[in-house]
1. Please go through the range 56-74 and give me each residue that is more than 15 Å from D235 (Cα to Cα), hydrophobic (A, V, I, L, M, F, W, C) and at pLDDT 95 or above, ordered by number.
2. Which residues, counting only those in the range 230-264, are aliphatic (A, V, I, L, M) and either closer than 27 Å to L126 by Cβ or not assigned by TED's automatic domain parsing to the domain that holds N77 (or both)?
3. Under 7 Å between Cβ atoms, which residue pairs at least 6 apart in sequence (or on different chains) link something in the range 313-325 that is over 17 Å from L19 (Cα atoms) with a partner that is in a strand (DSSP E or B) and of a type in the set (D, E, K, R)?
4. Using the structure shown, decide if G10 is outside any helix (DSSP H, G or I) and either assigned by TED's automatic domain parsing to the domain that holds Y283 or under 28 Å from A133 (Cα atoms) (or both).
5. Within the range 176-208, which residues are surrounded by fewer than 19 Cβ atoms within 10 Å (Cβ to Cβ), farther than 14 Å from P148 by Cβ and under 23 Å from the mean Cα position of the chain (by Cα)?
6. Of the residues G151, G136, which single one is assigned to a loop (DSSP other than H, G, I, E, B), at pLDDT 95 or above and either at negative phi or surrounded by fewer than 16 Cβ atoms within 10 Å (Cβ to Cβ) (or both)?
7. Among the residues of the range 285-309, count how many are surrounded by 20 or more Cβ atoms within 10 Å (Cβ to Cβ) and either touching a His at 6+ places or on another chain (Cβ under 6 Å) or at pLDDT below 95 (or both).
8. Are any residues in the range 1-48 polar (S, T, N, Q), under 15 Å from L279 (Cβ atoms) and modelled with pLDDT under 95, and if so, which ones?
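The values are calculated or read from the model by the stated rules, or taken from the named source; none is laboratory data. The structure presented is a predicted model; accordingly, all values stated were derived computationally and were not measured. Backbone-built Cβ (ideal geometry, glycine too); neighbour counts: all protein chains shown.
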Amino acid sequence: MSLKAVIMAGGRGERFWPLSRRRFPKQLISFDGENSLLQQTVSRIEPLIPDRNIYVVVNEHIKHEVYGQLPMIPVENIIVEPLGKNTAPCIALSALKLYRVDPEAVMVVLPADHVIKDEEGFLRALSVGADIAREGYLVTLGIKPTTPRTGYGYIQQGEPFRENGDFIVRSVEKFVEKPSYEKAVEYIRDGNYLWNGGIFVWKASVILEEIRDFLPSLYAGMERIEEVLGTENEDEVVRTVYARLEPISIDYGVMERTKKAMVIPIDVGWSDIGNWSALDEVYEKDDNGNVVLGEHIGLFTRGCIIKSKTKPIITYGIDDIVIVEDNDVILVIPRAKVDGLKHILKEMDRRGYKELL
């Protein structure tokens, strides 16, 4: 029974424009000039799972970039989705392919764009999750929250199931959708709620069974794909099936409904670095509270996020601003308004600046 990893590397990553673009999304970029987030995700799990057992799910338009960034991963382990249809179809297709390779395979499912500081602790938690998954459970890792966040789903912990080393495995009482700020404050005070980071461990066979029970139309599509796996018709059938699939998350489609869910609380320095302003959760700040990536000379500059790529950035007398310099464009936006990037991109599209998107 082999342990395998599935890294979900789809998504557009618009919140990190201009470093991320439509054809070069967040998971492919490097903030510090070294490894991309995708490369970091692979290297993080390599001590536990060898390259030959690591699979990466990508969109059609970024597959060649992924091949270039991950030459150590077998080409046949790059699973290409013709369309992004949220996490349930992505996981179903991956599970189907892994089950074909090994009917007893245990899957570790990971987003490609997260940062984890305590990698050793994270791998220990995955190992515990794999042990529980082998018994037929669907395991998720829940992140101990540090602040009331409205952008995350939450997991309410149930009764203790088993203690394993540093970790206590618990049943899942319920999954909670993204809450209001007031509700998020309640969850933090309660102490029994965890952030849902979208990290899972389960047997490929078990998640396919749950998809069959809770998402029968998705399962029917996977049955059609299974008939042609490894044949010259596979790509065409996958495209046809995907065109008809309903976009749905694995949380909503399965995890909120299954009776097999278990959660392992973890505290490993996790961040999904959801926008430019969140980089100070990951990178060290200077004496004035600035995160500086690249060349910068500043006076009376405080609380800023500054990323330069090809030229120095010079600042004087500014507070709480994001400045990002890429090859062909410069972004300047208040940290408190980084969510407004989506409006900027829509306006650029309207004005015909498609080559910058």
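1. Of everything in the range 56-74, those that are more than 15 Å from D235 (Cα to Cα), hydrophobic (A, V, I, L, M, F, W, C) and at pLDDT 95 or above turn out to be V56, V66, L70, M72, I73.
2. I248, I250, V254, M255, A261, M262, V263, I264 - these are the residues of the range 230-264 that are aliphatic (A, V, I, L, M) and either closer than 27 Å to L126 by Cβ or not assigned by TED's automatic domain parsing to the domain that holds N77 (or both).
3. These pairs meet every condition: D319/R302.
4. Yes: the conditions hold for G10.
5. Across the range 176-208, the qualifying residues are E177, S205.
6. One residue alone meets the criteria, G136.
7. 1
8. S20, S30
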